[in-house]
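Take a look at the structure below.
The values are calculated or read from the model by the stated rules, or taken from the named source; none is laboratory data. Predicted model, so just to flag it, every value in this text is computed and none were measured. Here the Cβ positions follow ideal geometry from the backbone for every residue, glycine too, while neighbour counts run over all protein chains shown.
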Amino acid sequence: MTAPSSAQPISSEQAAVELQLVDTVVASFHKTEDPRLKEIMQSLTRHLHNFVREVRLTEDEWNTGIEFLTASGHITDAKRQEFILLSDVLGLSMQTIAINNTMHTGVAAATEATVFGPFFVDDAPEIPPGGDIAGGAAGQPCWVEGTVTDTDGNPVPRARIEVWEADDDGFYDVQYTDGRVAGRAHLFADENGKYAFWGLTPTPYPIPHDGPVGKMLEAVGRSPMRASHLHFMVTAPGLRTIVTHIFVDGDPQIEIGDSVFGVKESLIKKFEQQAPGSPTPDGRGLGNQTWARTRFDIVLAPKGA
Ligand code: BEZ
Ligand code: FE
């Protein structure tokens, strides 16, 4: 007898029928010319069949799965990608990132990568050093500064830094229908690899949860909330592009859990609250408003590392 984990034991004859089918399907890929495609399709087949056999998937459950995927397809368009969202909440995006952005340490450890998310937009406006990315987005002003270096500790002059974030209401500009561009920009590090800009102190917000992925999270008692964060993508010739965020030290959502498993200890930064009216680093007048400041030193791994 073979005993699948979640069901009655099955007879060895039944197991033989099931395993024969796995072998037949795996063998059907034998003519695949591309060896990598062959490896992927055969492994995928084995894992999918193992899953179905392990949980003894019923036909109703198979149908529910197909309906879930169909609904994910229907809600997906140029702006909404439910399949990536599914990958995100299953931790598959972070696993793929872990495999492809291996740790690299020289004098300094390369900055860790995290999920890209659906809200990056090409061609965000350029701001000068010390400029403001808010573009009218509501939120507490936050001075963000740091350096871009390589793992040998050398400054990376003129590294391109893309930054984007949600406003205080938890929405990115692209989630509004009025075409606004806010809470995003790009800038360049200076000749010594230093950069600074004004952003907004990040606040927690949910991933889009009005579709099948949201329903699934609800069914399993999981929250769609993300830990507060500010997105970065940094590029420089000869160095590995980093896509990452920084998270706010003390944000309770870090402990509660990030819906897409994006938090890494090294990316949690202190956002120091400043008293109303205290002088700003660049002399910007903020009246009696509070503001915050943080530091993020970015370390880029060599390309191919
Ligand atoms: C975000 O960071 O905004 C995000 C990341 C993954 C899925 C959904 C949203
Ligand atoms: Fe985000």
Report summary line: Being over 30 Å from Y172 (Cα atoms) and at pLDDT 95 or above narrows D60, D88 down to just D60
Report task. Please note which strands (runs of 3 or more DSSP E) are completely contained in segment 144-214 and include at least 3 residues that are of a type outside the set (A, V, I, L, M) and either within 30 Å of H74 (Cβ to Cβ) or in contact with a His (Cβ under 8 Å, 6 or more places away or on another chain) (or both). Result -> 160-164
Report summary line: Apart from one, (1) within 16 Å of ligand 1 (Cβ to nearest atom); (2) closer than 16 Å to T235 by Cα all hold for D150; the odd one out is (1)
Report task. Working only within segment 215-250, note down all residues that are under 25 Å from L286 (Cα atoms), in a loop (DSSP other than H, G, I, E, B) and within 12 Å of ligand 2 (Cβ to nearest atom). Result -> S228
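One line per residue, one yes/no per condition, for (1) within 16 Å of ligand 2 (Cβ to nearest atom); (2) under 28 Å from G250 (Cα atoms); (3) of a type in the set (D, E, K, R); (4) touching a Ser or Thr at 6+ places or on another chain (Cβ under 9 Å):
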position: F197; (1), (2), (3), (4): no, yes, no, no
position: T203; (1), (2), (3), (4): yes, yes, no, yes
position: P206; (1), (2), (3), (4): yes, yes, no, yes
position: G211; (1), (2), (3), (4): no, no, no, yes
**Report entry** Condition check for A78: modelled with pLDDT under 95 and either surrounded by 10 or more Cβ atoms within 10 Å (Cβ to Cβ) or of a type in the set (G, A, S) (or both)
**Finding:** yes
Requested in this report: Go through G131, G139, G153 for me and flag whichever is closer than 18 Å to R293 by Cα and surrounded by fewer than 16 Cβ atoms within 10 Å (Cβ to Cβ).
Outcome: G131
Query raised in the report: Out of segment 84-132, which residues are assigned to a loop (DSSP other than H, G, I, E, B) and hydroxyl-bearing (S, T, Y)?
Result: T102, T111, T114
Query raised in the report: Looking at V25, is it over 26 Å from Q95 (Cα atoms) and in contact with a helix residue (DSSP H, G or I) (Cβ under 6 Å, 6 or more places away or on another chain)?
Result: yes
Report summary line: All-but-one check, E54 against (1) in contact with a Pro (Cβ under 7 Å, 6 or more places away or on another chain); (2) over 24 Å from F261 (Cα atoms); (3) surrounded by 14 or more Cβ atoms within 10 Å (Cβ to Cβ), failing number (3)
Query raised in the report: Since S87 meets every condition but one in (1) more than 16 Å from ligand 2 (Cβ to nearest atom); (2) without any contact (Cβ under 8 Å) to a residue 40 or more places away in the chain, which condition does it not meet?
Result: (1)
Report summary line: Log entry, pairs with first residue in segment 188-204 being more than 15 Å from D132 (Cβ to Cβ), second being among the charged types (D, E, K, R) and in a loop (DSSP other than H, G, I, E, B), beta carbons closer than 7 Å, six or more apart or on different chains, reads F188/R158; A189/R158; P202/E165; T203/D168; P204/D251
Query - All positions within segment 34-56 that are charged (D, E, K, R) and free of Cβ contacts under 8 Å to residues at least 12 places away in the same chain - result: D34, R36, K38, E39
Query raised in the report: What are the residues in segment 105-139 that are on the phi > 0 side of the Ramachandran plot and either within 16 Å of ligand 2 (Cβ to nearest atom) or among the small types (G, A, S) (or both), if any?
Result: G117, G130, G135, G136, G139
Query - S259, sole failed condition from (1) within 14 Å of ligand 1 (Cβ to nearest atom); (2) at pLDDT below 95 - result: (2)
Report summary line: Out of (1) at pLDDT below 95; (2) within 14 Å of ligand 1 (Cβ to nearest atom), the one T177 does not meet is (2)
**Report entry** Every residue from segment 119-128 that is exposed (fewer than 15 other Cβ atoms within 10 Å of the Cβ) and under 19 Å from F171 (Cβ atoms)
**Finding:** V121, P125
